[in-house]
Amino acid sequence: MPCSGCGKLRRVNGRSPDGEPLCRHCWSKHPAARRPCTECGTVDRPYERGRCIACVARERLRSALTGPRHRMRPEIEPVFAALLRTQPHALLRWIRPDSARHAILTTLAEGSGPITHDTLDTFQPTVTLRHLRAALVAGGAVPRRDEQPAQLEAWLPKILARVEAPDERQILRTYVTWGPLRRLRQHSATKAVTYGQIVGVRHEIKTAVRFVHWLHQQGSTLAACTQDHLDAWLDEGAHHGTLIRSFLLWTSRRGHTRPLEAPAYTTDFGQDVIAQDHRWSLVRRLIHDDTLDTVDRAAGLLLLFLAQPTSRITQLTTHQVTDRDSTVTLQLGSEPVTMPPPLHDFIRQLVRRRQGRAVTAPLDESPGSSPAPTQASPCPPTPWPHA
C-alpha cells in the first residue's frame, strides 16, 4: 500500500488521525506517533508497552546494576546516576545483555566497596572500559584523572616481565620510576600529558628492555656490558642510540654498568620546514575545499595559521571557545586568541556539532542537551571536538 506521506510503496507502520496509511519513516515524524508515557507522562513515541525510551532505559540500567540480592547497593548508585545522563538510545545499546559493558556493570554490581579508578583498573584495558570510565567521569561517579600516565603505569608490568633476570628487572623498574615516570608526574602537575609524550616514553622503555634482552642473547649481562657490546648493538639499529642514552647514563652513575657512551639526540629541523608557497597552497585548499571534513579544516588552519602543534590541538575542548557573535576566541595560552575568518566559522560548527565517542552530557549541562563526549581526553586519531 502506498504511504500517504512519501507516496512510496512501503509497509504500513501507522495511520494518521484521518486513517491515512504511513510508512515507518513518515510515522516516526508524524505528531500522532507521540503519546504521553504511561510512567512519566512525557509526550514521546512509545518505545515499549506505552513507556518512553527514557523510562525503559532507566529500568534496564537499574536491572543491570542490581546485585544478587535483587537490590542496588549504595556504592553503585553514583554509577547509576552517571550513566543515566547518557542519551537513552545510546544507553540501551550499551547495556544489551550480550555487550561487554553489561558484563562489566554486572561485575561491579556484584562486588563490594565504592567504585573508583582502582576498581576499574582491575578489568582488561579495552576500548569498552575506556568509554565506560569516561562516562563515569563525566557524570561525577569517579574523579577526573590524567589517563595517559595511568595507562602507561598499567602497561609497565607487562613490558618489564620480558626481562628474565630479577636483578636487571628491578634496575629497569627503578629507572622507569625515577626517570621517565617522574618526569611525566612533574609535567602533569602543571599541564596535561600528551599522547605523543606517552609514545616517546614507551619507546624509551621498550628500547631499554630490548637492549637487556640483546645482551643476554650475546651471553652477557647489563653489569658486564662493554662499549664494544653497545657499539655492536648500535650497528644493528642506529636509531636506538638516542633512546638508550638516558638509561645508560643513569645505570653508569649508579654503578649498575661501567661508563658507556651512546650518541646524543640530534635533529635536522630544516627537513621539517615546508616552503611558503606550499604552505599557502595548503591554506587555500583548507579554506575553499568543501569536501574536506570540518575537523580537518579547523585543525589544519590552527597548525598552518597559528603554529599549534598537533599534541595541543588534540587537547582542545569546547570550554576553550568563546563566541561573541561577531568574534570567536580560542584559549590557547594565558590570553584568548581571536580566530580569523573562516576559521571562526569552522570552530562554531564544531562547537555546535560536538560529536565524539561518547554521548554523555557533562555535569554543567542538562541531560537533554546536544550529544557530547564525556571529557577532554587525548584523542590521537581525531582532534576535535571535545566537551
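Miscellaneous remarks
- Of all residues in segment 69-96, those satisfying the criterion of being open to solvent by less than 20 Å² (accessible area, probe 1.4 Å) and within 19 Å of the chain's Cα centre (by Cα) are Ala82, Leu83, Thr86, Ala90, Leu91.
- Some residue of segment 97-104 being open to solvent by 40 Å² or more (accessible area, probe 1.4 Å), of a type in the set (S, T, N, Q) and without any contact (Cβ under 8 Å) to a residue 60 or more places away in the chain: no
- Every condition in (1) open to solvent by less than 30 Å² (accessible area, probe 1.4 Å); (2) assigned to a loop (DSSP other than H, G, I, E, B) holds for Thr38 except the one numbered (1).
- Qualifying residue in segment 313-325 (condition: under 20 Å from the mean Cα position of the chain (by Cα), more than 14 Å from Ile347 (Cα to Cα) and open to solvent by 50 Å² or more (accessible area, probe 1.4 Å)): no
- Within the option set Val193, Val199, being open to solvent by 20 Å² or more (accessible area, probe 1.4 Å), within 30 Å of Ser311 (Cβ to Cβ), under 18 Å from the mean Cα position of the chain (by Cα) and among the aliphatic types (A, V, I, L, M) holds for one residue only, Val199.
- Test: residue in segment 44-62 that is modelled with pLDDT of 85 or more, surrounded by fewer than 17 Cβ atoms within 10 Å (Cβ to Cβ) and of a type in the set (A, V, I, L, M, F, W, C): no
- Scanning segment 105-137 for residues that are among the charged types (D, E, K, R) and without any contact (Cβ under 8 Å) to a residue 24 or more places away in the chain yields a total of 3.
- Ala298 being at pLDDT 90 or above, surrounded by 14 or more Cβ atoms within 10 Å (Cβ to Cβ), small (Gly, Ala, Ser) and more than 30 Å from Lys158 (Cβ to Cβ): yes
Here is a yes/no grid of residues against (1) part of a helix (DSSP H, G or I); (2) buried (at least 20 other Cβ atoms within 10 Å of the Cβ); (3) among the basic types (Lys, Arg):
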| site | (1), (2), (3) |
| --- | --- |
| Ala135 | yes, yes, no |
| Ala150 | yes, no, no |
| Leu156 | yes, no, no |
| Arg169 | yes, no, yes |
| Thr177 | yes, no, no |
| His187 | yes, no, no |
| His203 | yes, no, no |
| Arg210 | yes, no, yes |
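The values are calculated or read from the model by the stated rules, or taken from the named source; none is laboratory data. Keep in mind the model is a prediction, meaning the values are calculated, not measured. Because the Cβ atoms are built from the backbone with ideal geometry, glycine has one as well, and the counts that use them run over all protein chains shown. These area figures cover heavy atoms from the full protein model, side chains too; ligands, DNA and RNA do not enter into them. Shrake-Rupley method; radii C 1.70, N 1.55, O 1.52, S 1.80 Å.
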